[in-house]
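Working notes, structure below.
The values are calculated or read from the model by the stated rules, or taken from the named source; none is laboratory data. Keep in mind that this is a model prediction, so the values were computed, not measured. Please note that ligands, DNA and RNA were not included when accessible areas were found on the heavy atoms of the full protein model with its side chains. Shrake-Rupley method; radii C 1.70, N 1.55, O 1.52, S 1.80 Å.
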Amino acid sequence: MSAPNTSLTDFGTCWSTGEGNDLTMPAIMASGFQVIAEAIIRRWSTPAGGLIDDPTYGRNLMGLIGKALSPRDVAREQQGAGAEAEKDERVLSCAVTLTLDNVTGLLTVAARAVTALGPFSLVASVSAVGVQLLQVSP
């Protein structure tokens, strides 16, 4: 009998990116759902194929800023962002809602992810220069 895969239930810790994609100063450690949310944010701010050792990693939501998106485009991008989050083995499912504010040029991403430890929600703001994690809640 093989040992259980604890990586699906023990999310460990990571250095928090806090606001934006750079480490906060002073640096703090993230744990729990925050670790998964930050991993998802990194996926959403990396161009597809942007990792040399994983050509399937990434879906750059910053590329959506300034584009004219039809309702069909928005639906496709929501599905793609959810699918990108689900590439993380700790994420069992992820439903994403994108809201574009044409006045400010910001894209708001609201997601509900499910892990082996249960569901959590995250909200992020996307601009032409970055993806910022705004909120994580169990």
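Run the numbers on the range 37-123 and let me know its relative contact order in percent, using alpha-carbon pairs under 8 Å that are six or more apart.
19
Given just the C-alpha atoms of the range 23-135, how large is their convex hull per residue in cubic angstrom?
Normalising the Cα hull of the range 23-135 by residue number yields 112 Å³.
Per residue, how much accessible area does the range 92-136 show when a 1.4 Å probe rolls over the protein heavy atoms, in square angstrom?
Result: 48 Å² per residue.
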